[in-house]
Amino acid sequence: MNSRPSPAPVLIMTYGNPSRGDDALGPAMFDMLEAHKSASGNLADTDLLTDFQLQIEHAIDLEGRKCILFVDAGVSCPEPFELQQLQPERDDSFTTHAMSPAAVMSVYQQINSREPPPAYLLTIRAYKFGLGLPMSETATE
């Protein structure tokens, strides 16, 4: 019998490409939170996950949660960040190599026949996404 440990009630899912300038903001947030969790023992009720992009399989990561926070970099949000509540929404991203958080929630809804847990998107203002660039000083601040 396979037994998986129960997921923590809160999931923070960061995503982005560390090799593309400010797109590294999500993974940098993951690293910061993971270090804080290890050093302080805080965030015991929180699982941290990171990936280059959201995929259909991430819908499974939402199971058993009470709240989800997605974290990504974006150029169209106000400085320094924007926090918005999400609703499940099927969009065209499910047919691409990367999905939106709302589309991941929609997949969760389809496979579980129930509403996903409350979810939010923290978009951190980004400026440069060039391949091989480090994060910009402005985004890092």
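Numbers at a glance
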{"read-out": "Within segment 52-84, tally of residues that are surrounded by fewer than 16 Cβ atoms within 10 Å (Cβ to Cβ) and part of a strand (DSSP E or B)", "value": "5"}
{"read-out": "Check on ALA139, under 14 Å from MET13 (Cα atoms), assigned to a helix (DSSP H, G or I) and among the hydrophobic types (A, V, I, L, M, F, W, C)", "value": "no"}
{"read-out": "The listed residue being in contact (Cβ under 8 Å) with a residue 24 or more places away in the chain and not charged (D, E, K, R), out of ALA73, ALA39", "value": "ALA73"}
{"read-out": "Residue check for LEU86: more than 18 Å from the chain's Cα centre (by Cα) and in contact (Cβ under 8 Å) with a residue 12 or more places away in the chain", "value": "no"}
{"read-out": "Contacts under 7 angstrom Cβ, first residue in segment 96-118 being closer than 15 Å to PHE70 by Cα, partner in a helix (DSSP H, G or I) and of a type in the set (A, V, I, L, M), 6 or more apart", "value": "VAL104/ALA59; TYR108/ALA59; PRO116/MET105"}
{"read-out": "Selected residue (criterion: modelled with the highest pLDDT) from residues of segment 26-53 that are out of contact with any strand residue (DSSP E or B) (no Cβ under 6 Å at 6 or more places or on another chain) and within 28 Å of ASP91 (Cα to Cα)", "value": "ALA28"}
{"read-out": "Residue that is farthest from LEU131 (Cα to Cα) [pool: residues in segment 2-46 that are surrounded by 11 or more Cβ atoms within 10 Å (Cβ to Cβ) and of a type in the set (Gly, Ala, Ser)]", "value": "ALA8"}
{"read-out": "Residue within segment 104-111 that is out of contact with any Phe, Trp or Tyr (no Cβ under 7 Å at 6 or more places or on another chain), part of a loop (DSSP other than H, G, I, E, B) and either surrounded by fewer than 13 Cβ atoms within 10 Å (Cβ to Cβ) or at pLDDT 95 or above (or both) present", "value": "no"}
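The values are calculated or read from the model by the stated rules, or taken from the named source; none is laboratory data. Here the structure is a predicted model, which means the values were calculated and not measured. FYI the Cβ positions are ideal-geometry reconstructions off the backbone, even for glycines, and counts take in every protein chain you see.
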